[in-house]
Amino acid sequence: MFGYVTPCKMELKIKDFEKFKAYYCGLCKAIKKNCGNIPRMSLNYDMTFLGILLDSLKEDNIISTREHCIVHPIQKKLFITENNSLNYAAYCNVMLFYFKLLDNVEDDKSIKSKLSSIMLKYYLKKYFNNYQEVTDFTRDKLQELYDLEKNFKNHTLDSLSHPFGELTGYLLSYTITDEDIKEIMQEFGYNLGKWIYIIDAFDDLEKDMQNNKFNAISSVLNTDNLNYENFKVNIEDRIEFTLLSCGRTCTYLLDKLPIKRNYDLLYNILQLGMIEKINKVFKRSVFEDEKSL
């Protein structure tokens, strides 16, 4: 469930593209600073968005620097540093990746995921004791989600995506003290979490159906046991409507937040980036040799 919340690069202004990369590289540096080098393998775009969104609510000055890194050893890259929002996003990044690895062990008996999870557990215990409450809530919500998925009969796609929506709302609002803003962020995160859960399920639909694995969409909606091609045609419009509704709600709630900076970048991600990701997952636009931001 990682890597879906990204900007639409083709529609970004150069300044916003450079700013996004500075947050992305800043998150990588924050993971290194708080955890070490190995957990940087968990770096993903969704947590970059979390850092940008939380930092956009603040009025303090952004501190940045240019440095070399292991990925860019020749040319210096711009990093945002000493940023509490990115430090929190770094924790969420490593924690969620840790639980994802545990899920892989449970589902696929992956030895690689097992070894990686053991490594990350050490880092989580060593560096993130201040967020034990968040870790416990995340573990409970993911367990609730896994229990629903194991007993999916008589459930709807909405009820299956509910725990992940609640978890995302909690993570986005955890550091916020203003109750009015916190409530908006919880609703924002809830819709974003449902969007991520459902688009991830649709993205994996063909593979899961071929391998006879659980998929929230096929397990709940494919009551006639159709093959992938016929089933996809039947439910595509319904899934797209749900995704667009969640995305539209996020954009609506963005305008209710007291954004201090990065509005154009946030709008690009929520309005254009999410649409672009839907088109890609629905195989309406596929780019050859597509590269990372």
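The values are calculated or read from the model by the stated rules, or taken from the named source; none is laboratory data. Given the structure is predicted, the values throughout are model-derived calculations rather than measurements. Don't worry about glycine lacking a Cβ; one is built from the backbone with ideal geometry, like all the others, and counts go over all protein chains shown. The accessibility values were calculated without ligands, DNA or RNA, using every heavy atom of the protein model including side chains. Shrake-Rupley method; radii C 1.70, N 1.55, O 1.52, S 1.80 Å.
Surface exposure of the chain, expressed per residue as accessible area with a 1.4 Å probe, stands at 53 Å². Annotation: amide H of Gly3 within the under-5 Å range of Tyr45, Asp46, sequence separation 5 or more or interchain, hydrogens built in the peptide plane. Modelled this way, with points 7 Å down the Cα-to-C-beta line, the labels at Gln143 and Lys112 are 2.9 nm from one another.
The modelled label-to-label distance between Asn212 and Ile259, using points 7 Å beyond Cα along the C-beta direction, is 4.8 nm.
Once the convex hull of the C-alpha atoms of the range 121-203 is built, how many Å³ does it hold per residue, rounded to a whole number? Don't skip to the answer; put the middle values down first.
On the way: hull volume 9.0 nm³, N = 83.
Once divided by residue count, the hull of the range 121-203 is 109 Å³.
Here the extension length gained between Asn234 and Glu133 equals 32.1 nm, from 0.36 nm per residue of separation less the Cα-Cα distance.
Since only Phe202, Ile259, Asn279 are under comparison, the one whose Cα sits farthest along the positive direction of the charge dipole of the range 188-293, derived from C-beta charges on Lys, Arg, Asp and Glu, is Ile259.
Our estimate of slack between Thr175 and Phe17, defined as 0.36 nm per intervening residue step minus the Cα-Cα distance, is 54.3 nm. Among Asn215, Asn262, Asn279, the residue with the largest mean-square fluctuation in a Gaussian network model of the chain, with springs joining Cα atoms closer than 10 Å, is Asn279.
Relative to the longest principal Cα axis of the chain, at what angle does helix 157-173 sit, 0 to 90 degrees, rounded to 10? Here the helix axis deviates by roughly 10 degrees. Of the options Ser218, Ile74, Gly36, report the single residue whose Cα projects farthest towards the positive end of the charge dipole of the chain (beta-carbon charges: Lys, Arg +1; Asp, Glu -1). The residue sitting most towards the positive pole is Ile74. With a threshold of 25 Å on the Cα-Cα distance, the over-threshold entries among Lys9/Lys100; Lys182/Lys283; Lys213/Lys280; Lys21/Lys121 are Lys9/Lys100; Lys182/Lys283; Lys21/Lys121.
As a quick test, which of the pairs Lys32/Lys194; Lys33/Lys77; Lys19/Lys256; Lys33/Lys76 have an alpha carbon distance above 20 angstrom in this structure? With Cα atoms farther than 20 Å apart: Lys32/Lys194; Lys19/Lys256.
Let me check something: with ligands and nucleic acids excluded, how do Val105, Val134 order by accessible area (1.4 Å probe), largest to smallest? Show your work: numbers first, answer last.
Values: Val105 35, Val134 0 Å².
From most accessible down to least: Val105, Val134.
When the alpha-carbon atoms of the chain are used, the pair Rg, Dmax equals 19.0, 57 angstrom. Summing Cβ point charges (Lys, Arg +1; Asp, Glu -1) relative to the Cα centre of the chain gives a dipole of roughly 1280 debye. Looking at the square roots a ≥ b ≥ c of the eigenvalues of the Cα gyration tensor of the range 1-91, which shape do they give, rounded for a/c under 1.5, prolate if a/b is larger than b/c, or oblate? In terms of gyration-tensor shape, rounded.
Across the chain, Cα pairs under 8 Å and at least six residues apart give a relative contact order of 23 percent. Ranking Asn154, Thr138, Gly165 by Cα position along the charge dipole of the range 106-203, where only Lys, Arg, Asp and Glu carry charges on their C-beta atoms, puts Thr138 farthest toward the positive end. Take the Cα of Tyr122, step 7 Å toward its Cβ, do the same at Asn154, and the gap between the two points is 4.6 nm. For the range 49-140, the Cβ-based charge dipole about the Cα centre amounts to some 500 debye (Lys, Arg positive; Asp, Glu negative; other atoms uncharged). Apolar share of the accessible surface for the range 1-76: 57 percent from carbon plus sulfur atoms, 1.4 Å probe. Ordering of 158-170, 88-100 by packing is 88-100, 158-170, highest average first (other Cβ atoms within 10 Å, averaged per residue).
Report the far tail of the P(r) of the range 1-159, meaning the percent of Cα-Cα pairs longer than 20 Å. Don't jump to the answer; show the numbers that get you there.
Details: 7100 of 12561 pairs.
Counting every Cα pair in the range 1-159, those more than 20 Å apart make up 57 percent.
Out of every Cα pair in the range 170-227, what percent are spaced more than 14 Å from each other? Walk me through the intermediate numbers first.
Numbers: 1029 of 1653 pairs.
Cα-Cα pairs in the range 170-227 separated by more than 14 Å: 62 percent.
Cα gyration tensor of the range 79-182, axes a ≥ b ≥ c as square roots of the eigenvalues: rounded (a/c below 1.5), prolate (a/b > b/c) or oblate? Oblate is the answer for the range 79-182, as a/c is 1.5 or above yet b/c matches or exceeds a/b.
Relative to the longest principal Cα axis of the chain, at what angle does helix 179-203 sit, 0 to 90 degrees, rounded to 10? Helix 179-203 sits at roughly 50 degrees to that axis.
Within the range 182-272, what whole-number % of the accessible surface is contributed by carbon and sulfur, with the 1.4 Å probe and all protein chains included in the calculation? Could the numbers behind the result be given before it?
Numbers: 1860 of 4370 Å².
With neighbouring chains kept in place, the figure for the range 182-272 is 43 percent.
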